[in-house]
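Let me begin by presenting the structure, written as structure tokens, before commenting on it.
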Amino acid sequence: MEPEDGAASLEGEYPRPQMVRDQWTDLNGPWDFAYDDEDRGEQEGWYRPGHEAFTRRIRVPFPPESSASGIDDPGFHEVLWYRRNVSVPGDLGPKRLMVHFGAVDYKATVWADGQLVGSHEGGHTPFSCEVTGPAKAGRDLVLVVRAEDAPKDLTQPRGKQSWAEQPHGIWYRRTSGIWQSVWLEVVPGLHIVSTHWQPALRHARVGFDIALSRAPKGLVTVRARLSQSGRLIAEHSSRLFEPHSHLDIALSAVPGLREIEELWWSPNEPNLVDAEVCLVDDDGEDIDRVRCYFGLRSVEVADGKFILNGSPFYLRLALEQGFWPESHLAAPSSEALRTEVELIKELGFNGVRLHQKIEDPRFLYWADRLGIVVWSEMPSAYVYSSRVVERVTKEWLEVLERDRSHPSIIAWVPLNESWGVDDIEAREEEANFALSLYHLTKAVDPARPVVSNDGWEHVKSDIWTIHDYSPTGAGLRERYGDREQLAQSLNGRRWQRRVLLPRFDEDRGQPIVLSEFGGLSYAPSRDEEWFGYATVASPTEFAAQLKDLVDAICENDQISGFCYTQLTDTGQERNGLLDENRHPKLPVAELREIFSRVAKAVPHEELEISRRIIRDGTQSRGGLQ
């Protein structure tokens, strides 16, 4: 249980930091485990308590392919079974007992004491099951999970997970089964299922969506109390009559515009607002209470610039694979997620492009709290079919539902480099799929920019993104150095024979961002297979070539940001600024100086960069100095 601080100041393990309850039980740790290569477990009743099939132990939430799990078996195993005894917390009475899963790759079926209690498809998004019926006070509940992950099924959204038995090219070892936190929670019969926050800075108001477990049967009131650093900024109370409600909260305790601006969230000033939300019955008694947080900020695109809180903001992103050698897509610890965000800031970046991964919510919490911006990207499938349309759309909607209240997330990317829509230029149905994902995302969240297909072959995007792995700054200057060269690159054939704008999305003042570049491999091992876009042989050459590339971009007043490939070495892809264990390949101060260069497109940020370097240099925690 966390201490009763605001949700914006938690330090511990709570797996859903944007909606915190005090009563919860961590179910990570040792579970019974079994492979089911013949897929006979359901027929033989492995879900029944006491079955003898579970002969091994696994450490959840680490995938069995990883060493951290204790299994360390990278081979093909399509069906996995997990079992754990769970202590029922006393007499529940009218309350409900829920088990929450952060993510299970790819399909999950859950039983409690032999009773089917839920299922879910989608390897990157959370789900919950009620286990109240099987729960009996004073005895353990036997929780069983069957996970199914078909290694060769290219219709599954899988991101960078290899479909071959061994990693190859830019694809890595698989992450199957349970790979994010599992926890138990006691909730009232009528309880809060989700909350979402939509700040409206110009109007000093916050939109608030609340979802309940069912429609209220009596008089029920929701009370929201908003504060920042202990200072009350708003209180709101409304009757609820439906299971889903939208409310509008005025920041009435803030006297004027100047005071509101002091509350805004940005990477330089990552101010967060604590929200305590209570359901109250007609007698004034609490039915349910959760602690939430959000940030007051706005994101827009206009006149070729990315706009944060009304001012041009230059994007300095690192490509983040979110992969660890000992635990794969699962973070080795909650502290590792915090350290990752701190390292990103120390290196001079103001954000990350999360690449082909829906990251652990605790990473997004530290991005919110410590101050980096995030591009959120859907993991790809690798073929096109109506089944892929269904699977990607369903899971992408769950991503938006989970993450749209994080202030750090400033852009959505449903597709990358035409993966899964390889014939998008020629096939109308694939182009329509990309276009539908753009509009679907805007329908759910109109407040953020959407990139329909990052890198090239945009059908409609709020940011025009380019992937270009030129090994020299001269190559970048030649293609994007002035308006005429840039226009030719946008409409001509380029990287991997792809067209950037095959249907030429209309010019609505979209900023242009070089969202992948660099990829320099410094001193890769010569005794094993490795991948990189260009190779340098010494620290001096690495620094000079890196500076040449970044200078070429920052000198260009037509480009509004960049994303360097990549933050860390990952598997055989040896083009990180850090190695796979997060050790820098050049001195951190040198890297920070290169990536913090003032950009011609947003010259006013010079003072902000200087202040940030001074502040981050004196408040570093990442251990890279």
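Arranged from highest to lowest average of other beta-carbon atoms within 10 Å per residue, in what order do the peptides 206-216, 475-485, 549-559 appear?
549-559, 206-216, 475-485
Can you list residues from other chains, or at least 5 along the same chain, whose modelled amide H is less than 5 Å from the amide H of LYS357?
Those qualifying (amide H under 5 Å, at least 5 residues apart or on another chain) are GLU377.
Full extension from ARG231 to ASN309: what is 0.36 nm times the residue separation minus their Cα-Cα distance, to one decimal in nm?
Value of the extension gain: 25.9 nm.
Stretch GLU262-GLU484 to full length: gain in nm at 0.36 nm per residue minus the Cα-Cα span?
Length gained between GLU262 and GLU484: 75.8 nm.
Within straight cross-link reach of LYS217, meaning Cα distance under 28 Å, which lysines are found once same-chain residues fewer than 8 apart are removed?
Straight-distance partners of LYS217: LYS95, LYS136.
Please give me the summed charge of the neighbours of ARG174: other residues whose Cβ is under 14 Å from its Cβ, Lys and Arg +1, Asp and Glu -1.
Result for the local shell: -4.
Work out the length of the dipole vector of the chain about its Cα centre, built from +1 on the beta-carbon of each Lys and Arg and -1 on the beta-carbon of each Asp and Glu, and round it to the nearest 20 debye.
Charge dipole, the chain, about its Cα centre: 680 debye, nearest 20.
Taking a 28 Å limit on the Cα-Cα distance, which of the listed pairs LYS345/LYS600; LYS160/LYS394; LYS160/LYS442 fall beyond it?
none
Using a simple charge model, +1 on the beta-carbon of Lys and Arg, -1 on the beta-carbon of Asp and Glu, nothing else, what dipole does the stretch 1-116 show about its Cα centre, in debye to the nearest 20?
Using only the charged Cβ atoms, the result is roughly 340 debye.
Quick one: Karplus J couplings for the stretch 86-99, per residue in order, coefficients 6.51, -1.76, 1.60, θ = phi - 60°, nearest Hz, x for Gly and Pro?
10, 6, 7, x, x, 7, 6, x, x, 7, 10, 10, 10, 10
Work out the charge dipole of the stretch 28-180 with +1 on the Cβ of Lys and Arg and -1 on the Cβ of Asp and Glu about the Cα centre, then indicate which of VAL88, CYS129, GLY41 is farthest towards its positive end.
Farthest towards the positive pole: VAL88.
Check SER176: other-chain or 5+ apart residues with amide H under 5 Å from its amide H, H built from backbone geometry?
It is GLU65, by chain and number.
In the stretch 183-271, which GluC sites (Glu not before Pro) fall in coil by DSSP and have 13 or fewer other Cβ atoms within 10 Å?
GLU262
With the dipole of the chain worked out from charges on the C-beta (+1 for Lys and Arg, -1 for Asp and Glu) around the Cα centre, which of SER436, LEU263, GLY351 lies farthest toward the positive end?
Value computed over the given set: LEU263.
Return the Rg/Rh ratio of the chain with Cα-based radii and a Kirkwood Rh.
0.96
Taking the Cα centre of the chain as the origin and placing charges on Cβ (Lys, Arg +1; Asp, Glu -1), which of ALA7, GLN545, VAL110 is farthest toward the positive end of the dipole?
In the chain, that residue is ALA7.
Taking the Cα centre of the stretch 314-618 as origin, sum charge times position over the Cβ atoms of Lys and Arg (+1) and Asp and Glu (-1), and report the length of that vector in debye to the nearest 20.
For this selection, approximately 480 debye.
Just to confirm the filter: which GluC sites (Glu not before Pro) across the stretch 92-155 are DSSP coil and have at most 13 other Cβ within 10 angstrom of their Cβ?
Here no loop site has a sparse enough neighbourhood.
Sequence gap at least 6, Cα distance under 8 Å: using those rules, report the relative contact order of the stretch 305-397 to the nearest whole percent.
Here the relative contact order equals 24 percent.
At R0 = 45 Å, how high is the FRET efficiency between LEU247 and ARG56 if r is their beta carbon distance? Nearest 0.05 is fine.
For LEU247 and ARG56, the calculated efficiency is 0.35.
Can you work out ³J(HN,Hα) from phi for every residue in the stretch 390-407, in order, using Karplus 6.51 cos²θ - 1.76 cosθ + 1.60 and θ = phi - 60°, giving whole Hz and x for Gly and Pro?
Result, rounded to whole Hz: 5, 5, 5, 4, 4, 6, 5, 4, 5, 4, 4, 5, 6, 10, 6, 9, 6, x.
Computed from the coordinates by the stated procedures, all read-outs in this text should not be read as laboratory data. What you are looking at is a predicted structure, and each value in this text was computed from that prediction instead of being measured. Glycine gets a Cβ as well: all are built from the backbone with ideal geometry, and neighbour counts include every protein chain shown.
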